[in-house]
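Colleague: Got a structure for you, written out below as structure tokens; questions coming shortly.
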Amino acid sequence: NALASPLVSCLTLLLLGSSCSEAFVGDDGGIDRRTAISRVIQSSALISASLGVFDVKPSQAGEIGNKMNAAVTQSDLGISVRRSIVRGAQIMDKLDGSWEKFSDDFGLGAERSKRDARPEEREIPPLRPLDKEAARAILGAAKASFLSIVPIGEDELKRKIDKVDSLVRKSFERAGLELNETEMDAETFNFLAYTTFKAFNDILVEKNINFKKFRVAFEVELGGRLCQILLPKTSAIQNETFTGTIDSDTLKNTLSAALVDVDALLSVLVSKGFVAATERANIDQEKTNDWSDDLSDLQFSISLDKDATQNGQILLGEQGFRLVPDFPRFAVTSVLRQYLSPVKEDVSSEEYYMDTSYSSDPDLFEVK
């Protein structure tokens, strides 16, 4: 139930907060994972290794050894000592965290004095009223894109979606959500996006569809449809594919034109109530020159505050599914591809969530 409820904000909803879509323009290459994820994986591996070293094995010390082992692991005194050790470690860990927070609050320590000042907390505006017709069109586009790739009938897809709806609706409502498909609001749109994409994932698993190939085709197909709904003028562009060598100026001019339409799309997403605010990072001119001279890839990020479907995205991800209703990313990527594919540039994107407010207290971390 908690996962289904709107998560707190600041960057964006569970959304509340902001999700960050990163667009990578250039040669096809791997996308770096967040350092935080890397650290979690490394820590897990280390813990597993430690546990392996200390596996309990049958005692080879005979009767005396067995009695000593029992005294440590089974006697009241042994159990009491072990519990005290654990509690002591917990207390020290809590004290260490409190000291860390105290030090942060008052800037104690030589290294802290060298840090830049923390950025001021961003003021995130509320979502505007959702454009109901656009929301319904987006859900319809998602279903049409899925049906164009997966061999399944429209009636069967509807049954799958209805089944998911019947299983999870009460949980969402118990979490305090008022679902009303007639008066479509952001919470209802998030619910419908979740049930639709949950059904998509269930079908992919049941039919053993090659997910990698499906994902590429689905994101391209749905991205194009989203552009038709949100930014028709861009979807009508018919750029001719260049032949031969493409000079640096052509690449930079093409990128500039693409970014104009990306900014226009972001404005539409805000005005129609799909995100509360957006911010595209400025692209360093030197990096743009390197990219246009084919010396490096070009990467930039776009923050999306209070993405209307972020709760559904997070919930699907925690359930182990990789296909989520990441509509803004699909649309932004499609705009860039429409401009850059004709000049033989690949575009890929990835999304991650973050907390925009710094705190040394892990209990205050808010996913954005």
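The values are calculated or read from the model by the stated rules, or taken from the named source; none is laboratory data. The model shown is predicted, which means the values in this text are computed figures rather than measured ones. Using ideal geometry, Cβ is built from the backbone for each residue, glycine included, and neighbour counts are taken over all protein chains shown. Only protein heavy atoms, including side chains, enter the accessible area calculation; ligands, DNA and RNA are left aside. Shrake-Rupley method; radii C 1.70, N 1.55, O 1.52, S 1.80 Å.
Colleague: For segment 289-336, with every protein chain kept in place, what is the accessible area per residue (1.4 Å probe, Å²)? Each step should come with its number before you reach the end.
Modeller: On the way: 1450 Å² over 48 residues.
Value returned for segment 289-336: 30 Å² of accessible area per residue.
Colleague: Roughly how far apart, in whole Å, are the Cα centres of segment 141-159 and segment 311-342?
Modeller: Their Cα centres are 18 Å away from one another.
Colleague: Around residue 214, under 12 Å between beta carbons, what's the net of Lys plus Arg minus Asp minus Glu among the other residues?
Modeller: Values: positive: 207, 212, 213, 215, 322; negative: 219, 221.
Once all neighbours under 12 Å are counted, the net charge is +3.
Colleague: Hey, another quick one. So how much accessible area does residue 165 have, in Å² to the nearest 10, using a 1.4 Å probe?
Modeller: Residue 165 exposes around 30 Å² with every protein chain in place.
Colleague: Lys and Arg at +1, Asp and Glu at -1: add these up for the other residues within a Cβ distance under 14 Å of residue 168 and post the number. Please list the in-between numbers first.
Modeller: Values: positive: 160, 163, 169, 170, 174, 198; negative: 162, 165, 173, 187, 202, 318.
Every neighbour counted, the sum reads 0.
Colleague: Right, here's the next one. Just the number, please: carbon plus sulfur as a percent of the accessible area of segment 224-327, 1.4 Å probe, no ligands or DNA/RNA counted. Before the final figure, lay out the partial values.
Modeller: Details: 2160 of 4860 Å².
Carbon and sulfur atoms account for 44 percent of the accessible area of segment 224-327.
Colleague: Based on the alpha-carbon gyration tensor of segment 216-344, what equivalent-ellipsoid semi-axes (square roots of 5 times the eigenvalues) come out, in whole Å, largest first? It would help to have the intermediate numbers written out before the result.
Modeller: Working: eigenvalues 150, 54, 47 Å².
They are 27, 16, 15 Å, listed largest first.
Colleague: Using a probe radius of 1.4 Å on heavy atoms only, what accessible surface per residue do you get for segment 158-280? Whole Å² is fine. Write out the running numbers ahead of the final one.
Modeller: Numbers: 6320 Å² over 123 residues.
Accessible surface, normalised per residue, equals 51 Å².
Colleague: Quick one: accessible surface of residue 250, probe radius 1.4 Å, all protein chains present, in square angstrom to the nearest 10.
Modeller: Looks like 40 Å² after rounding.
Colleague: In nm, give the distance between the simple-model label positions of residue 284 and residue 212, each being 7 Å from the Cα along the Cα-to-Cβ direction.
Modeller: Computed distance between label sites residue 284 and residue 212 equals 3.2 nm.
Colleague: Also, quick follow-up: Heavy atoms only, probe 1.4 angstrom, no DNA, RNA or ligands counted: give me 247, 355, 155, 305 ranked by accessible area, highest first. Walk me through the intermediate numbers first.
Modeller: Working: 247 85, 355 35, 155 110, 305 0 Å².
Ranked from most to least accessible, the order is 155, 247, 355, 305.
Colleague: Now for a separate question. Restricting attention to segment 163-196, which GluC sites (Glu not before Pro) occupy a DSSP loop and are surrounded by at most 14 other Cβ atoms within 10 Å? Don't skip to the answer; put the middle values down first.
Modeller: Working: sites: 173, 178, 181, 183, 187; in loops: 178, 181, 183.
Here the GluC sites (Glu not before Pro) that fit, given the DSSP loop and packing criteria, are 178, 181, 183.
Colleague: Filter the trypsin sites (Lys or Arg not before Pro) in segment 282-344 down to the DSSP loop ones having no more than 13 other Cβ atoms within 10 Å, then list what survives.
Modeller: Working: sites: 287, 306, 322, 329, 337, 344; in loops: 306, 322, 344.
Answer by residue number: 322, 344.
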